[in-house]
1. Where the accessible area of the chain is counted over protein heavy atoms with a 1.4 Å probe, how much of it, in %, is carbon and sulfur?
2. Need the full-extension length gain, residue 57 to residue 87, defined as separation in residues times 0.36 nm minus the C-alpha distance. One decimal, nm.
3. Under the 0.36 nm per residue contour assumption, what length would be gained going from the current alpha-carbon distance of residue 97 and residue 44 to full extension?
4. Given a Förster distance of 30 angstrom, what is the FRET efficiency for residue 213 paired with residue 140, based on the Cβ-Cβ distance and rounded to 0.05?
5. How many nm is it between the label spots at residue 122 and residue 192, if each spot is 7 Å from the Cα in line with the beta carbon?
6. Quick one: Cα centre-to-centre distance for the stretch 198-252 and the stretch 172-196, in angstrom?
7. Taking H as built 1.01 Å from N, whose amide H comes closer than 5 Å to the amide H of residue 130, not counting residues under 5 places away?
8. Under the rule of -39500 (n - 2.57) per DSSP H run of 4 or more residues, summed and divided by the residues of the chain, what mean residue ellipticity at 222 nm is obtained, to the nearest 500 deg cm²/dmol?
Amino acid sequence: MVTGAASGLGRAVALRLAVAGAVVACVDRDGAGAEKTASAVAEQGGSATAHTVDVGDRAAMVATADEVAVRHGRIDILVSSAGIILDVRLLDVEESELEAVLAVNTKGVLFGCQAVAPHMESVGGGAIVTMSSTAIDFAVAGNGLYAMSKVAAAQLSRTLATELGPSGIRVNTVAPGFVETPMTERNFRGADGVIDEARRNQVLGAHRSGTPLGQLCEPEDIADAVLYLVSDQARRVTGQVLRVNGGISMPL
Ligand SMILES: NC(=O)c1ccc[n+]([C@@H]2O[C@H](COP(=O)([O-])OP(=O)(O)OC[C@H]3O[C@@H](n4cnc5c(N)ncnc54)[C@H](O)[C@@H]3O)[C@@H](O)[C@H]2O)c1
């Protein structure tokens, strides 16, 4: 089960897991986008279903997990990639904005875990990967609301790793650096919706030059990290934050 599967990193994760043999449930509030990802999975020879759900709606997430378990027989993997971002200074944050971001980036992650855990427990275990961000390593003006929602996602994942470990369920977090997706295109998309190529080159160049590797991550780089974490190669790895960011931050 992959949330945020209609776009960007979630889409890349869905395609990557399908190539590795998973039957994928593509979950997104953008139902048409989820259908497109499921079709792309089918085109590459895999199997997927699409589910239109708001991850911030706990009852809907539980109902979706129950439906997925019936249709696919079991749930072994959850990847929580659904997310939103708002660029706003903390002193200017409206209560509605606070609620909107936390509803998806924090509550949505917890609701997904709550929804799938009973199904994983019933088959003796599973693997959950939540999507945080390199934003957790920096304090940048205007990025505080998003960063705090992502710190919360990483922290709840660590606690869940402790609570679910005895049931054989591993919970890890991927913290991606800047990846060009519809989410980050807002940095160089004009009010008319058109991408400003000069601004794009400037933004991508700045991020690139900030990394020791001198390269930006592609969605597939994040998908490969997720694949590792849900695979048996990571069978003793839980409660960890894996930074896939070209080395732009390196906390011990
Ligand atoms: N792109 C980056 O540079 C980057 C870096 C670090 C972390 N992330 C995180 O990775 C995740 C994926 O980001 P992306 O770049 O692919 O973004 P994206 O905007 O391309 O995709 C996000 C997807 O989440 C879905 N979504 C949003 N709210 C939802 C809700 N309430 N219920 C269900 N689906 C919902 C959207 O419809 C969309 O398909 C996010 O959690 C983001 O915060 C992205």
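The values are calculated or read from the model by the stated rules, or taken from the named source; none is laboratory data. The shown structure was predicted, so the numbers you read here are calculated from the model rather than taken from an experiment. Because the Cβ atoms are built from the backbone with ideal geometry, glycine has one as well, and the counts that use them run over all protein chains shown. Calculation scope for accessible area: heavy atoms of the full protein, side chains included, ligands and nucleic acids excluded. Shrake-Rupley method; radii C 1.70, N 1.55, O 1.52, S 1.80 Å.
1. Details: 6160 of 11870 Å².
So the carbon and sulfur contribution to the accessible surface is 52 percent.
2. Working: separation 30, 0.36 × 30 = 10.80 nm, distance 2.36 nm.
Full extension of this stretch gives 8.4 nm more.
3. This chain segment gains 15.2 nm when fully extended.
4. My answer for the efficiency is 0.90.
5. Roughly 5.4 nm, to one decimal.
6. Taking the Cα centre of each part, the stretch 198-252 and the stretch 172-196 sit 15 Å apart.
7. For residue 130, whose amide H was placed from the backbone, the distant partners under 5 Å are 80, 172, 173, 174.
8. Numbers: 8 runs with 109 residues, N = 252.
The per-residue figure over the chain is -14000 deg cm²/dmol.
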